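Beneath this line is the structure, given in C-alpha coordinates, with notes to follow.
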Amino acid sequence: GTQPILTDLAGGKQVYMRTNRAYVFTADGSDRKLRITISPDDVGQLAIASASASAVGSNVAVTYTLSRNADVTVEVRNIGGRLIRRVAQGLTQTAGLQSVTWNGRNKSGVLVPGGRYIISITARTEQGQQSCALTQVSMRR
(Lines give C-alpha, C1' and ligand atoms only; values in the text may rest on other atoms or scores of the structure.)
Protein backbone atom coordinates (compact mmCIF):
# COMPACT_ATOMS: atom_id res chain seq x y z
CA GLY A 1 0.00 0.00 0.00
CA THR A 2 0.85 3.65 -0.12
CA GLN A 3 0.39 6.63 2.14
CA PRO A 4 -0.84 9.85 0.49
CA ILE A 5 0.05 12.77 2.78
CA LEU A 6 -0.60 16.48 2.24
CA THR A 7 1.94 18.71 4.01
CA ASP A 8 1.37 22.41 4.63
CA LEU A 9 4.96 23.65 4.46
CA ALA A 10 4.14 27.01 6.10
CA GLY A 11 2.10 25.58 8.98
CA GLY A 12 3.96 22.28 9.32
CA LYS A 13 0.72 20.28 9.48
CA GLN A 14 0.42 16.87 7.82
CA VAL A 15 -2.91 15.38 6.69
CA TYR A 16 -3.50 11.74 5.78
CA MET A 17 -5.46 12.04 2.52
CA ARG A 18 -7.25 8.66 2.64
CA THR A 19 -9.40 9.66 5.63
CA ASN A 20 -9.56 13.47 5.33
CA ARG A 21 -11.76 15.02 2.66
CA ALA A 22 -10.47 18.57 3.06
CA TYR A 23 -7.72 20.70 4.55
CA VAL A 24 -8.60 24.20 5.75
CA PHE A 25 -6.21 27.04 6.55
CA THR A 26 -6.53 30.79 7.05
CA ALA A 27 -5.20 32.79 4.13
CA ASP A 28 -2.93 35.68 5.14
CA GLY A 29 -2.22 37.12 1.68
CA SER A 30 1.09 35.33 1.19
CA ASP A 31 1.72 32.35 -1.07
CA ARG A 32 0.89 29.01 0.58
CA LYS A 33 3.05 26.02 -0.29
CA LEU A 34 1.50 22.58 -0.04
CA ARG A 35 3.21 19.29 -0.86
CA ILE A 36 1.60 15.93 -1.63
CA THR A 37 3.80 12.93 -0.91
CA ILE A 38 2.92 9.39 -1.94
CA SER A 39 5.18 7.01 -0.05
CA PRO A 40 5.33 3.30 0.61
CA ASP A 41 3.42 2.25 3.69
CA ASP A 42 6.55 1.51 5.73
CA VAL A 43 5.12 2.40 9.13
CA GLY A 44 1.91 0.44 8.62
CA GLN A 45 -1.71 1.29 9.05
CA LEU A 46 -3.25 2.29 12.34
CA ALA A 47 -5.08 -0.66 13.88
CA ILE A 48 -6.77 -1.44 17.17
CA ALA A 49 -6.36 -5.07 18.19
CA SER A 50 -7.43 -7.28 21.09
CA ALA A 51 -10.15 -4.92 22.34
CA SER A 52 -11.84 -6.28 25.44
CA ALA A 53 -13.80 -5.06 28.44
CA SER A 54 -14.26 -6.72 31.81
CA ALA A 55 -16.38 -5.65 34.75
CA VAL A 56 -14.64 -5.54 38.11
CA GLY A 57 -17.16 -4.48 40.75
CA SER A 58 -18.85 -1.33 39.47
CA ASN A 59 -15.86 -0.46 37.22
CA VAL A 60 -15.06 -1.69 33.72
CA ALA A 61 -11.49 -2.12 32.49
CA VAL A 62 -11.25 -1.53 28.73
CA THR A 63 -8.01 -2.82 27.18
CA TYR A 64 -6.74 -2.73 23.60
CA THR A 65 -3.54 -2.62 21.59
CA LEU A 66 -2.64 0.27 19.25
CA SER A 67 -0.35 -0.38 16.28
CA ARG A 68 0.75 3.29 16.23
CA ASN A 69 0.67 6.35 18.49
CA ALA A 70 -2.80 7.93 18.32
CA ASP A 71 -5.41 10.11 20.01
CA VAL A 72 -8.10 7.83 21.41
CA THR A 73 -11.79 8.30 22.16
CA VAL A 74 -13.67 5.64 24.14
CA GLU A 75 -17.47 5.74 24.31
CA VAL A 76 -20.00 3.54 26.10
CA ARG A 77 -23.41 3.02 24.45
CA ASN A 78 -26.46 1.03 25.44
CA ILE A 79 -27.58 -1.89 23.30
CA GLY A 80 -29.81 0.52 21.31
CA GLY A 81 -26.78 2.67 20.40
CA ARG A 82 -27.56 5.64 22.70
CA LEU A 83 -24.45 7.34 24.14
CA ILE A 84 -24.18 6.62 27.87
CA ARG A 85 -20.76 8.07 28.61
CA ARG A 86 -17.65 9.32 26.83
CA VAL A 87 -14.88 7.79 28.95
CA ALA A 88 -11.97 9.38 27.05
CA GLN A 89 -11.79 11.95 24.27
CA GLY A 90 -8.64 12.81 22.33
CA LEU A 91 -6.48 10.94 24.87
CA THR A 92 -2.94 10.74 23.46
CA GLN A 93 -1.61 7.19 23.75
CA THR A 94 1.46 5.37 22.46
CA ALA A 95 1.60 2.19 20.38
CA GLY A 96 1.19 -0.97 22.44
CA LEU A 97 -1.15 -2.25 25.13
CA GLN A 98 -3.42 0.45 26.53
CA SER A 99 -6.20 0.61 29.11
CA VAL A 100 -8.91 2.99 30.30
CA THR A 101 -11.39 2.54 33.14
CA TRP A 102 -15.11 3.31 33.03
CA ASN A 103 -16.60 3.87 36.45
CA GLY A 104 -19.95 2.35 35.46
CA ARG A 105 -21.73 5.71 35.56
CA ASN A 106 -23.60 7.62 32.87
CA LYS A 107 -22.79 11.20 31.81
CA SER A 108 -24.92 12.49 34.72
CA GLY A 109 -22.83 10.51 37.23
CA VAL A 110 -25.53 7.94 38.02
CA LEU A 111 -24.66 4.21 38.15
CA VAL A 112 -26.04 2.50 35.04
CA PRO A 113 -28.48 -0.39 35.44
CA GLY A 114 -27.41 -3.96 34.81
CA GLY A 115 -27.34 -5.04 31.17
CA ARG A 116 -25.14 -5.23 28.12
CA TYR A 117 -23.18 -2.18 26.93
CA ILE A 118 -21.23 -1.57 23.72
CA ILE A 119 -17.84 0.10 24.00
CA SER A 120 -16.40 1.83 20.95
CA ILE A 121 -12.73 2.71 20.70
CA THR A 122 -11.71 5.20 18.00
CA ALA A 123 -8.05 6.04 17.38
CA ARG A 124 -6.70 8.75 15.09
CA THR A 125 -3.07 9.49 14.22
CA GLU A 126 -1.64 12.99 13.90
CA GLN A 127 -1.78 12.56 10.10
CA GLY A 128 -5.48 11.59 10.20
CA GLN A 129 -5.42 7.78 9.87
CA GLN A 130 -8.39 6.43 11.79
CA SER A 131 -9.36 3.02 13.15
CA CYS A 132 -12.33 1.84 15.21
CA ALA A 133 -13.02 -1.23 17.32
CA LEU A 134 -16.04 -2.44 19.28
CA THR A 135 -16.33 -4.66 22.31
CA GLN A 136 -19.07 -5.29 24.85
CA VAL A 137 -19.49 -5.79 28.55
CA SER A 138 -22.31 -7.10 30.72
CA MET A 139 -22.95 -5.17 33.92
CA ARG A 140 -24.55 -7.02 36.83
CA ARG A 141 -26.26 -5.07 39.57
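The values are calculated or read from the model by the stated rules, or taken from the named source; none is laboratory data. All figures in this text were calculated on a predicted structure; none of them were measured in a lab. So basically every Cβ, Gly included, is an ideal-geometry build from the backbone, and we count neighbours across all protein chains shown. Heavy atoms of the whole protein, side chains included, go into the accessibility calculation; ligands, DNA and RNA do not. Shrake-Rupley method; radii C 1.70, N 1.55, O 1.52, S 1.80 Å.
A compact table of results
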read-out	value
Relative contact order, percent, the chain [alpha-carbon distance under 8 Å, six or more residues apart]	24 percent
Alpha carbon centroid spacing (whole Å) that separates the stretch 1-47 from the stretch 127-141	28 Å
The stretch 1-74: relative contact order as a whole-number percent, Cα under 8 Å and 6+ apart	27 percent
Theoretical FRET efficiency, 1/(1+(r/R0)^6), r = Cβ-Cβ of Q89 and D28, R0 25 Å, to 0.05	0.20
Fraction of accessible area attributable to carbon and sulfur, the chain (%, probe 1.4 Å)	49 percent
Rg and Dmax of the chain, Cα atoms only, in Å	18.6, 62
Whole-number accessible area per residue in Å² for the stretch 35-100, which is evaluated in the context of all protein chains at 1.4 Å	55 Å²
Extension reserve of the T37-T101 stretch, reckoned as 0.36 nm per residue once the Cα distance is removed	19.2 nm
